[in-house]
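The values are calculated or read from the model by the stated rules, or taken from the named source; none is laboratory data. These numbers come from a predicted model, not from an experiment. As a convention, Cβ positions derive from the backbone with ideal geometry for all residues, glycine included, and neighbour counts pool all protein chains shown. Please note that ligands, DNA and RNA were not included when accessible areas were found on the heavy atoms of the full protein model with its side chains. Shrake-Rupley method; radii C 1.70, N 1.55, O 1.52, S 1.80 Å.
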Protein chains: 2
Amino acid sequence: MVIGFTITKEDGQSRARLGLLNTPHGTVQTPIFMPVGTQATVKTMTPGEVRDCGGELVLSNTYHLYLRPGHELVAEAGGLHKFMRWDGPILTDSGGFQVFSLGPLRKITDQGVTFRSHIDGSEHFLSPEKSMEIQMALGADVVMAFDECIPYPCNYEQAGVAMERTTRWAERCRKRHDRGDQALFGIIQGGMYRDLRLQSAAELAALDFPGYGIGGLSVGEPKPMMYEVLNYLVPAMPRNKPRYLMGVGSPDCLLEGVYRGVDMFDCVLPTRIARNGTVFTREGKLVVRNAEYARDFRPLDPECDCYTCRNFSRAYIRHLIKANEVLGIRLTTIHNLRFVLRLMENIREAIAGGYFVEYKDDYLRRFKLD
Amino acid sequence: MVIGFTITKEDGQSRARLGLLNTPHGTVQTPIFMPVGTQATVKTMTPGEVRDCGGELVLSNTYHLYLRPGHELVAEAGGLHKFMRWDGPILTDSGGFQVFSLGPLRKITDQGVTFRSHIDGSEHFLSPEKSMEIQMALGADVVMAFDECIPYPCNYEQAGVAMERTTRWAERCRKRHDRGDQALFGIIQGGMYRDLRLQSAAELAALDFPGYGIGGLSVGEPKPMMYEVLNYLVPAMPRNKPRYLMGVGSPDCLLEGVYRGVDMFDCVLPTRIARNGTVFTREGKLVVRNAEYARDFRPLDPECDCYTCRNFSRAYIRHLIKANEVLGIRLTTIHNLRFVLRLMENIREAIAGGYFVEYKDDYLRRFKLD
């Protein structure tokens with residue numbers, strides 16, 4: 001087994017747990033948040049800055065890298081780690097979520113998905129086999145099975161068809177995947193339907209993947225609905241395998257996800273809102289580009305230990321963003337990424353110290369999202 | 001005298017010289033290239049990165065900071081050093097060059113210049129007195145007199161009128177400037193006319209400024225014409241004061257300027273072309289966004305010691321630039337700035353070692369600009 005996963009502690013009052021994930025590029029602690037480097041770069045950041053923020057495992061996107069610069073070119077460069085100069089572990093998604101998000105630009109059959117590139121409109125075909133070939137060429141430590149993603153809301157029948165296809169595709173992925181230094185995770189689908197989710201979990205568990213993604217959540221449904229799915233789904237997943245809640249990264253969702261037994265998260269949210277001039281503080285979101293911060297010479301978050309908060313004022317960062325200076329979005333990105341990664345550090349400390357539920361409740365009392 | 005300037009060595013075979021410029025924020029060696037931080041940031045870079053590239057004295061623009069965020073706000077922040085977190089010396093220009101570049105958007109009288117903001121079209125008035133007030137509020141170590149810049153080509157009469165106004169404005173600047181921790185430099189004008197240049201130099205020398213800018217060069221004239229102006233102008237300038245050739249920063253011009261006795265340079269060129277995907281190499285320019293570098297896994301310049309060249313390939317940087325990733329232009333900016341600053345280090349070493357002219361000739365034989 002290329003991926004080793006060891007649970008080092010289970011919380012007494014929740015499903016939260018501490019673990020160690022061993023990969024060919026090092027061991028990371030879970031629960032973990034994975035910064036997203038869509039196009040082989042965490043937007044605006046150097047690898048060293050990601051590391052300084054506490055980033056340990058980076059996600060990159062198969063769909064984007066397949067289209068540009070192309071997986072063969074990345075392989076020629078010696079693989080994704082070498083190409084982007086990230087020597088820690090990397091996870092690539094399957095491309096499924098991106099091609100399904102293309103809407104009218106794609107056509108699905110059991111064979112796979114035909115779609116048009118968002119860059120130049122050229123036609124492409126992605127299938128379980130093709131996704132494996134691309135991901136093997138990219139050379140991440142963890143690769144994801146090619147799944148069929150459904151929108152929200154979605155009726156029972158469609159959700160069932162997509163879920164069953166996802167299982168068949170997972171089998172095809174397993175069959176095609178043969179790179180010994182990569183771990184292939186299955187992805188559980190089934191929409192917001194309990195029996196479909198449980199069927200998906202059982203069918204994928206039978207295929208004995210070294211880890212499992214939970215797909216199709218955080219796609220527009222109310223948060224309580226997502227939490228409810230986790231409530232019944234997580235206990236149906238293999239206890240000794242990492243559980244990865246895909247596309248989730250808001251501080252409140254991270255806490256609620258860990259509480260329900262999730263080990264891994266990724267999301268563009270912290271870095272995306274940063275580029276729009278919105279940052280996290282201990283109290284919630286702060287739109288630093290707003291006029292009220294023009295003469296505010298305090299750091300973004302007085303409690304933060306990031307490079308940005310140790311050096312620059314809200315007034316300066318607002319000036320940079322208003323003036324379209326790249327440094328502005330660099331500083332907000334550093335802050336938001338550090339904010340989320342520090343939250344994960346604190347969560348792990350809280351689990352280790354036996355006070356996680358108390359920590360979570362206290363955190364959420366003060367942290368308000370509008 | 002707030003600025004101390006000591007000449008530590010004069011070259012035997014050229015007008016090149018080594019010096020030390022003492023400022024309230026530290027001593028720097030000359031000849032020096034000053035990175036440009038137009039809007040209180042060297043575009044795309046943190047202060048630490050500028051420092052790592054070898055940057056010691058940063059230039060910022062009065063016109064831009066006056067319009068946004070406003071000099072009062074910068075003063076409220078504790079001055080420009082604190083606002084932008086640059087603890088080394090800073091030089092601000094007078095705003096003259098920018099407002100005169102606005103073309104039809106400005107109107108000049110002896111009183112000053114009325115112009116419209118490039119940001120929101122609002123009307124503003126800049127004069128020698130106003131420029132001093134703004135620059136005193138910003139708080140740089142070196143501030144520049146408000147001068148009248150002329151286009152190239154420009155007829156003799158217009159060049160003469162502007163030059164004489166520049167002298168009158170220089171007197172008004174001296175009168176208004178009363179910040180003891182700032183050095184005010186005069187600016188020599190006179191277009192490409194020898195007698196006007198010599199008159200300007202003499203009139204400004206009589207005002208006994210602690211340093212002198214050479215304005216109105218590198219404005220579109222052929223390079224040999226600029227060198228010819230330097231040939232007769234520099235010997236007419238005070239020997240014991242720093243000479244600052246404004247807006248010049250191409251490697252060949254830096255060598256030719258030092259050769260002719262220039263001590264200080266600034267230019268947006270290295271960082272601007274970097275953002276367009278063009279970098280310097282020992283052989284000349286390289287357009288890394290071109291298709292021929294798609295699978296070129298060598299560094300931008302194999303002889304370079306910068307962060308970019310120590311870590312990343314042309315193929316990766318090209319990918320980033322094609323994909324509009326900010327890291328791409330960050331990496332090219334770091335490289336180009338380091339390239340120019342390393343050239344200045346090598347120039348200083350060559351002067352110290354007594355082989356500057358040989359170094360210059362050898363450099364220019366290999367470095368080809370198209």
Problem set entry | Protection-proxy order for peptides B:63-70, A:96-103, A:138-145, each taking the mean of Cβ atoms within 10 Å per residue, highest first | A:138-145, B:63-70, A:96-103
Seminar exercise, completed: For chain B, the longest principal axis of the Cα atoms and the Cα long axis of helix B:356-366 enclose an angle in degrees, to the nearest 10, of 60 degrees
Exercise. Once you put a point 7 Å from the Cα of B:Asp87 and another 7 Å from the Cα of A:Lys223, both along the Cβ direction, what distance in nm separates them?
Worked result: 4.0 nm
Exercise. Of all accessible surface on chain B at a 1.4 Å probe, what whole percent is carbon and sulfur?
Worked result: 48 percent
Exercise. Once label points are set 7 Å from the Cα along Cα→Cβ at both B:Thr114 and B:Asn346, what is their separation, rounded to one decimal in nm?
Worked result: 5.2 nm
For this session: Give the angle, between 0 and 90 degrees and rounded to the nearest 10, that separates the Cα long axis of helix B:223-233 from the longest principal axis of the Cα atoms of chain B.
Result: 50 degrees
Problem set entry | A versus B: buried accessible surface, summed, Å² (probe 1.4 Å, to nearest 100) | 3200 Å²
For this session: Mind computing the radius of gyration and Dmax over the alpha-carbon atoms of segment A:250-370? Å is fine for both.
Result: 14.8, 47
For this session: Evaluate E = 1/(1 + (r/R0)^6) for A:Tyr232 and A:Leu20, where r is the Cβ-Cβ distance and R0 equals 35 Å; express this FRET efficiency to the nearest 0.05.
Result: 0.85
For this session: Please report how far the C-alpha centroid of segment B:236-250 lies from that of segment A:1-72, rounded to the nearest whole angstrom.
Result: 53 Å
Exercise. Within the set A:Lys82/B:Lys322; A:Lys43/A:Lys322; A:Lys285/B:Lys43; A:Lys368/B:Lys43, which residue pairs have Cα atoms separated by over 29 Å?
Worked result: A:Lys368/B:Lys43
Seminar exercise, completed: Per residue, accessible area of the protein assembly as shown with a 1.4 Å probe, heavy atoms of protein chains only, in Å², comes to 37 Å²
For this session: Please sort A:297-305, B:342-350, A:242-250 by packing, taking for each peptide the average over its residues of neighbouring beta carbons within 10 angstrom, highest first.
Result: A:242-250, B:342-350, A:297-305
Exercise. From the phi of every residue in segment A:67-75, what ³J(HN,Hα) in whole Hz does the Karplus formula 6.51 cos²θ - 1.76 cosθ + 1.60 yield, where θ is phi - 60° and glycine or proline is x?
Worked result: 6, 7, x, x, 5, 5, 4, 5, 4
Seminar exercise, completed: Looking only at lysines whose Cα falls under 19 Å of B:Lys9's and that sit 8 or more positions away or on another chain, we get B:Lys241, B:Lys360
Exercise. Which of the aspartates and glutamates could a cross-linker span from B:Lys107 if the Cα-Cα distance has to be under 12 Å and same-chain partners fewer than 8 positions apart are dropped?
Worked result: B:Glu123, B:Glu148
For this session: With just the Cα atoms of segment A:105-254, tell me how far they stretch along each of the three principal axes, in Å, largest first.
Result: 39, 35, 31
Problem set entry | chain A: relative contact order as a whole-number percent, Cα under 8 Å and 6+ apart | 17 percent
Problem set entry | Computed FRET value (nearest 0.05) for A:Leu102 with A:Asp52, which takes r as the C-beta separation and R₀ as 41 Å | 0.70
Exercise. Accessible area drop of at least 30 Å² (1.4 Å probe, protein heavy atoms): which residues of segment A:33-50 qualify, relative to the chain alone?
Worked result: A:Gln39, A:Thr41, A:Thr44, A:Thr46
For this session: Ignore the peptide's own chain and count Cβ atoms of other chains within 10 Å of each Cβ in A:309-320; give me the average, rounded.
Result: 4
Exercise. Using only helices, what value at 222 nm comes out for chain A when you add -39,500 (n - 2.57) per DSSP H run of length 4 or more and divide by the total residues, to the nearest 500 deg cm²/dmol?
Worked result: -12500 deg cm²/dmol
Seminar exercise, completed: If labels are modelled 7 Å from Cα along the Cβ direction, B:Ser117 lies from its partners in the other copies at nm distances, smallest first, of 4.2
